[in-house]
């Protein structure tokens, strides 16, 4: 059953004539008649009684006519919806972000995006890098904001810039009066780190190992906010991203930069290049790039 066959069928039923239906559909009458015959053969039912002066819809034809009209209306609505998307940014968009970025990046970004594009239906997911990457690969996620991830043909990375990692200290710490911290300053310190599932934890551990630091771990936490509160009590020190310091620094803490070269983490937007990028996704990419460019 072809769409054009249903269209021809409805035209004949409404016009009561093959010739008038052919003129209405801008097709030659023999071609239209042939398509109706093919439809009847497929349905194994005669759809019209062909009288000498008119064409009458059979009972089988009346049954099909109701559904054919609904199908053609739905197709027209689908076409209208797609045409609207050419001129307006709308539709559904699923956006993911890792926990060490989501609370500091998404609120302001989402608020601005929804103001500019109110017809976009946003779904937000906060999860670890590995889980977000899997959702991108299987098509359950349109865009993800993260730092690093594994290489995959189904993951396309777009750099949004970099941000420095800072040393988080209690305000009364012996290093608190320094303007810049060197790695050697941290040799005797206890560290508070995120759980291993977070890519920031892996990056910090790699940095520590690179600088021959194998510190005692005082805490493995699930959230940067928890780690910061524990640092404030004097439990130890940590390495945190600059965006966290700018948005959520407890009163008992201070953050100091490293002496050059300062450690940095990447800020990336990832998408699946095997999927068509919607206008909504492209617009979100643009807004994220503007918000995170440093």
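We did not get these values from a lab; they are worked out from the coordinates using the rules stated. These figures come from a predicted structure and were not determined experimentally.
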Working from Cα positions, state the angle (0 to 90°, nearest 10) between the long axis of helix 199-210 and the longest principal axis of the chain.
-> 40 degrees
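Indicate, rounded to the nearest 5 percent, the antiparallel portion of the DSSP beta bridges found entirely in the range 164-264.
Details: 9 of 15 bridges.
Within the range 164-264, antiparallel bridges account for around 60 percent of the total.
When a/c reaches 1.5 or more, the comparison of a/b and b/c decides; with that in mind, is the chain rounded, prolate or oblate per its Cα gyration tensor? Walk me through the numbers on the way to the answer.
On the way: a/c = 4.56, a/b = 4.00, b/c = 1.14.
Because a/c hits 1.5 or more and a/b exceeds b/c, the chain counts as prolate.
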Cα extents of the range 132-241 per principal axis, largest first, Å, are 49, 24, 23
Quote the relative contact order of the range 3-87 in percent (integer), defining contacts as alpha-carbon pairs under 8 Å separated by 6+ residues.
-> 28 percent
May I ask for the angle, rounded to the nearest 10°, between helix 29-43 and the longest principal axis of the chain, with both axes built from Cα atoms and the value confined to 0 to 90°?
-> 70 degrees
To the nearest 10 degrees, how steeply does helix 102-116 sit against the main Cα axis of the chain, on a 0 to 90 scale?
-> 40 degrees
What 222 nm value per residue comes from the helices of the chain, counting each DSSP H run with n ≥ 4 as -39,500 (n - 2.57) and dividing by all residues, nearest 500 deg cm²/dmol?
-> -14000 deg cm²/dmol
From the Cα centre of the range 2-18 to that of the range 104-160, the distance in Å is 47 Å
Averaging sequence separations of C-alpha pairs under 8 Å and six or more residues apart, then dividing by the length of the range 164-264, give the relative contact order as a whole percent.
-> 50 percent
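Relative contact order for the chain: what is it in percent, counting Cα pairs under 8 Å that are at least 6 residues apart? Mind showing how you got there, number by number?
Details: 446 pairs, mean separation 62.3, N = 294.
That works out to 21 percent.
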